[in-house]
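Below is one structure, written out as structure tokens, with a few remarks after it.
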Ligand code: NAP
């Protein structure tokens, strides 16, 4: 089995990364940064987002494991004290793979055929470059509403505990193949009206955002911020690809939610 390790870059994460690399090599596992079967991310959930994007072209061949060197994470759920146990498990135990849905975003431009496709592990957010965001929201080909406000956030179930949660979105169990559309400070008065509640769309429903006036947007895909000009539409749906995590023990999602947000 071939492995790679990514680190948050601080001393603690780098030291742990070196230790794990040595231990795994002692078990005769091969270090391969380009074509790993397993990617171990050492740091936090943010570090795993970087690892996901680094290896997004081989999601069907790579499984991720997260070790946290700060606080408990949703993707990073092993603690530094457990790494010997984790290394032995990786080297000796056939692992179980857990797959979570991810988000596909296709941005089309007014100048014809140009389109960009992205995959997000947490979410995509859309904001105007200047003034309020004004977007027609279509669901499954039907106009749903015209949104006016700060922005829109379209998240995955595993990303529902990140930005989406801060916007009042629901926490979704990652076994549910869905995406969630949450508003950022919508303008609601006698003239402008939006539904006001987060919407959860199943994997056969597409959400299409169509600019009403401005066509330049600040779009985030997880930690990446992009500027897209002359945008015709932004299409969001559950991707056909999944993210895969290697599991060596039970750590139920709702326990992670409780431990992260409520306490032990
Ligand atoms: P960052 O601003 O340095 O950190 C964002 C925080 O979100 C970190 O504490 C990170 O955990 C945590 N996080 C990431 N994914 C999570 C998940 N699935 N569930 C719960 N918490 C999660 O940015 P970053 O490290 O580059 O991460 C980018 C992410 O930041 C975006 O995908 C977005 O979800 C989030 N964000 C949140 C807000 C908000 O809540 N108001 C605003 C902007 C962006 P670790 O400390 O373990 O890395």
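The values are calculated or read from the model by the stated rules, or taken from the named source; none is laboratory data. Note that this is a predicted model, so its numbers are computed, not measured. We place every Cβ from the backbone using ideal geometry, glycine too, and count neighbours over all the protein chains shown.
Please work out if residue 12 is assigned to a helix (DSSP H, G or I), within 16 Å of the ligand (Cβ to nearest atom), exposed (fewer than 15 other Cβ atoms within 10 Å of the Cβ) and not assigned by the TED database to the domain that holds residue 203. So residue 12 passes the test. Would you be able to say whether some residue in segment 80-95 is surrounded by fewer than 19 Cβ atoms within 10 Å (Cβ to Cβ), modelled with pLDDT under 95 and within 13 Å of the ligand (Cβ to nearest atom)? Looking for residues that are surrounded by fewer than 19 Cβ atoms within 10 Å (Cβ to Cβ), modelled with pLDDT under 95 and within 13 Å of the ligand (Cβ to nearest atom), one finds none in segment 80-95, hence no. Which members of segment 29-51 meet the condition of being more than 26 Å from residue 225 (Cα to Cα) and either part of a strand (DSSP E or B) or free of Cβ contacts under 8 Å to residues at least 12 places away in the same chain (or both)? Correct list: 30, 31, 38. The set of residues in segment 55-74 being within 15 Å of the chain's Cα centre (by Cα), within 16 Å of the ligand (Cβ to nearest atom) and in a loop (DSSP other than H, G, I, E, B) consists of 73, 74. For segment 219-244, a residue qualifies if it is within 12 Å of the ligand (Cβ to nearest atom) and in contact (Cβ under 8 Å) with a residue 40 or more places away in the chain, and the qualifying residues are 220, 221, 222, 223, 224, 243. Go through segment 56-81 residue by residue and tally those that are without any contact (Cβ under 8 Å) to a residue 24 or more places away in the chain and closer than 21 Å to residue 97 by Cβ. Going through segment 56-81 one residue at a time, the tally reaches 3. Counting only strands (runs of 3 or more DSSP E) wholly contained in segment 124-200, the ones carrying 1 or more residues that are assigned by the TED database to the domain that holds residue 222, surrounded by fewer than 19 Cβ atoms within 10 Å (Cβ to Cβ) and within 16 Å of the ligand (Cβ to nearest atom) occupy 142-155, 178-186.
Going by the structure shown, is residue 29 within 16 Å of the ligand (Cβ to nearest atom) and either surrounded by 18 or more Cβ atoms within 10 Å (Cβ to Cβ) or more than 20 Å from residue 241 (Cα to Cα) (or both)? Considered against the rule, which asks whether it is within 16 Å of the ligand (Cβ to nearest atom) and either surrounded by 18 or more Cβ atoms within 10 Å (Cβ to Cβ) or more than 20 Å from residue 241 (Cα to Cα) (or both), residue 29 comes out as no. When residues in segment 129-164 are screened for being over 17 Å from residue 192 (Cβ atoms) and without any contact (Cβ under 8 Å) to a residue 40 or more places away in the chain, 3 of them pass. Selection of segment 213-229 for residues being at pLDDT 95 or above and either farther than 18 Å from residue 125 by Cβ or part of a strand (DSSP E or B) (or both) yields 217, 218, 219, 220, 221, 224, 225, 226, 227, 228.
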